[in-house]
Amino acid sequence: PVDETTHRGPLTFRLGRAKAPCAANNFAFLASKKYCDGTPCRRLTTGAQFGVLQCGDPGGSGSGGPGYAFADEVTPDLKYTKGVLAMANSGPNTNGSPFFIVYRDTQPQPNYTVFGTVTKGLPVVDKIAKGGSDNSNGDGDGKPKTPVTITRMQVVQTGTSS
């Protein structure tokens, strides 16, 4: 698992290495290098189509990343249910560090690699979502009105999980 501490409370993620080995290993690698420590969760979508909290961009602009990209690990049957952890991207095969946490069941096109689940801490995300977004991007999409910063992300155990 990967433990993430935010200034709003702790979250624990289980990585799905069997279905998304590149994304899961990338996430664990970035956590081990403290890449996301001190970074904001910059985007909250509250519109009808997509309910996610997006984090993992060290600059907080939405265009930052680790300086590399890797291929999508997607299939047509992907489900984006509450608690899913997935890679954010800017188009096909542009995965890097931005990721999102799904806080309510939603079903966009299966263009986002699902690489884990939240096993502890969903109430933290729910509270942020209930605060809404500033709607700066339109249709309920913008910065969370309840700001959240990742203070520390760490791998607490490695191994294979599904």
Number of the exception - residue 56 against (1) within 19 Å of residue 154 (Cα to Cα); (2) over 13 Å from the mean Cα position of the chain (by Cα); (3) among the small types (Gly, Ala, Ser): (2)
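Anything in the stretch 43-82 that is under 10 Å from residue 98 (Cα atoms) and assigned to a loop (DSSP other than H, G, I, E, B)? List them, or say none.
Just the residues of the stretch 43-82 that are under 10 Å from residue 98 (Cα atoms), to begin with: 54-58, 60, 62-66.
Result: 56, 57, 58, 60, 62, 63, 64, 65, 66.
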Of all residues in the stretch 1-34 being under 29 Å from residue 140 (Cβ atoms), among the hydroxyl-bearing types (Ser, Thr, Tyr) and surrounded by fewer than 20 Cβ atoms within 10 Å (Cβ to Cβ), the one that is nearest to the chain's Cα centre (by Cα): 12
Any hit, the stretch 28-35, residues being hydroxyl-bearing (Ser, Thr, Tyr), out of contact with any His (no Cβ under 8 Å at 6 or more places or on another chain) and farther than 16 Å from residue 151 by Cα: no
The lone exception for residue 133 - which of (1) in contact with a Leu (Cβ under 8 Å, 6 or more places away or on another chain); (2) open to solvent by 50 Å² or more (accessible area, probe 1.4 Å) it fails: (2)
Number of positions in the stretch 88-114 that are more than 19 Å from residue 144 (Cα to Cα) and part of a strand (DSSP E or B): 2
Residue 85 vs. criteria among the aliphatic types (A, V, I, L, M), open to solvent by less than 40 Å² (accessible area, probe 1.4 Å) and assigned to a loop (DSSP other than H, G, I, E, B): no
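The values are calculated or read from the model by the stated rules, or taken from the named source; none is laboratory data. Just so it is clear, the model here is predicted, and its values are computed rather than measured. All Cβ positions, glycine included, derive from the backbone under ideal geometry; neighbour counts span all protein chains shown. Ligands, DNA and RNA are excluded from the accessible area calculation, which covers all protein heavy atoms including side chains. Shrake-Rupley method; radii C 1.70, N 1.55, O 1.52, S 1.80 Å.
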